[in-house]
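The next block holds one structure in the form of structure tokens; read it before the comments.
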Amino acid sequence: MTFDKDKKNVFSAIQPSGTITLGNYLGAIKNWIPLQEKYNCIFSLADLHTITVRQDPKEFHKNILQTYALFLSCGVDPKKSIFFIQSHVHTHAELAWILNCYTQFGELSRMTQFKDKSSRYSENINVGLFCYPTLMASDILLYKTHLIPVGIDQKQHVELARNVAGRFNGIYGEVFTMPEPLIPKVGAKIMSLQDPKKKMSKSDSNRNAYISVLDSEEDILKKLRKVVTDSNSEIKYSGSMTGVDNLINIYCCITGKNVNEAEDEFRDKGYKYLKESVAAVVANELKPIQSKFDDYIKDLGYMEKCYKEAARQANDISKEMISRVFSKVGFVPK
Ligand code: TYM
């Protein structure tokens, strides 16, 4: 991939912490693919972020390779984008340390994800979990990123990156580019199938709460059939985060229809029909991804070639920024 100085830069990442959910796919990855035609795109598997929650080494290793294969299957194209594994590019951890020294304890204490994860993993509230947002800020700021395509749950972290960048620039001059989140109008928050007030999450202990991108057609239908719908017989989008709203959102996200069109289509058809229709479009969307995945995951040699070349490019780009930061802070050059 050639980095075109006239184009804007896009950066985004995902944690390889198990499967990819329909939420990750609709809220983030699906939107990354068209951006590759217009921008300099850099995508990463944020494996350093993932160890903030304890991982089984063998599972973790497998998840990293699986997630890499899944992204290729979803359409991340190594010829158009730089798609690397975060731990292969040492500048991320280096800049994270420096940014830690420009971030306030109070700012990190206010992060919703930290509060949420520290209550869920109360036996392991490690310092990495607390500093997670400064590592994420480093990911973004190393590549002069203009746009960050993410779901709405990452907005607060992007805000923090902007605040830290602004503070650093205020002291040392214009070093970092000010990034903007790019949040989709539909699909920015796909909700749990079991509790529509909660985000769909791959770390949910209930497998029925999320659809994995690798789920079979049968499993997709089974999970969607279990979505709680109210006793009201008319199918309507309420805007108050109900199971039906979530189903309609998923449907609209995949078909490109708007809510009114979906309501017209389903109004008198009943919940069974709605669930089966959503299951059919989801399965249809995921089928080509699943068949490509089966091919990529067998070709570890090809994937290795891709992520090594991507790491080389990411190192080349990011080392310019880290040298600039080192020099601004006053470190003696190597
Ligand atoms: P992660 O791995 O939790 O999620 C990856 C992407 O999926 C989006 N997402 C969702 N979108 C809609 N509905 C949902 N239910 C849903 N669940 C997840 C997330 O918003 C995200 O865009 N900290 C990040 C990874 C990261 C990163 C970065 C992102 C590390 N460095 C730099 C952007 C820029 C995370 O844990 O995402």
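Here, each number is a calculation from the coordinates, and none is a lab measurement. The model shown is predicted, which means the values in this text are computed figures rather than measured ones. When we count neighbours, we look across all protein chains shown, and the Cβ atoms used for this are built from the backbone with ideal geometry, even at glycine.
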Spin-label model distance (nm) - residue 300 vs residue 126, 7 Å beyond Cα toward Cβ | 2.4
Relative contact order for the chain using alpha-carbon pairs under 8 Å, separation at least 6, rounded to a whole percent?
-> 22
The chain: angle of helix 271-298 to the longest principal axis, Cα-based, in degrees nearest 10 = 40
Provide the packing ranking of 290-303, 235-248, 71-84, i.e. peptides ordered by the mean count of other C-beta atoms within 10 Å per residue, highest first.
-> 71-84, 235-248, 290-303
On Cα atoms only, tilt of 155-172 relative to the major axis of the chain in degrees = 20
Too long at a 26 Å Cα-Cα cut-off: which of 7/79; 7/115; 62/287?
-> 7/115
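Hey, what did segment 74-193 get for relative contact order, percent, Cα under 8 Å, at least 6 apart?
25
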Could you point to the residue in 98, 55, 148 farthest towards the positive end of the chain's charge dipole, with +1 and -1 charges on the Cβ of Lys/Arg and Asp/Glu respectively?
-> 98
Could you check how many percent of all C-alpha pairs in segment 1-144 are farther apart than 27 Å?
-> 24
Calculate how steeply helix 91-100 sits against the longest principal axis of the alpha-carbon atoms of the chain, using the helix alpha-carbon long axis, and give the answer as 0 to 90 degrees to the nearest 10.
-> 80
Helix-only mean residue ellipticity at 222 nm for the chain, each DSSP H run of n ≥ 4 adding -39500 (n - 2.57), per residue, nearest 500 | -16500 deg cm²/dmol
Cβ-Cβ FRET estimate between residue 118 and residue 332, R0 fixed at 30 Å, reported to 0.05 | 0.20
By average C-beta atoms within 10 angstrom, highest first, the peptides 52-61, 124-133 | 124-133, 52-61
Setting aside same-chain residues fewer than 8 positions from residue 319, which aspartates and glutamates have a Cα under 15 Å from its Cα?
-> 94, 139
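Over all directions, what mean area does the Cα convex hull of the chain project, stated in square nanometres?
Convex hull of Cα atoms, orientation-averaged projection: 18.0 nm².
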Expressed in angstrom and rounded, the centroid-to-centroid distance over alpha carbons for segment 191-254 and segment 307-332 is 43
Could you grab the relative contact order for segment 1-131? Cα pairs under 8 Å, six or more apart, rounded to a whole percent.
-> 29
Exposure proxy check: 259, 332 ranked by fewest other beta carbons within 10 Å?
-> 332, 259
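In this model, which of 80/197; 189/236; 58/197 are farther than 28 Å apart at the alpha-carbon?
Pairs exceeding the cut-off: 80/197; 58/197.
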Residue 292 to residue 198: FRET efficiency via 1/(1 + (r/R0)^6), r the Cβ-Cβ distance, R0 30 Å, to the nearest 0.05?
-> 0.45
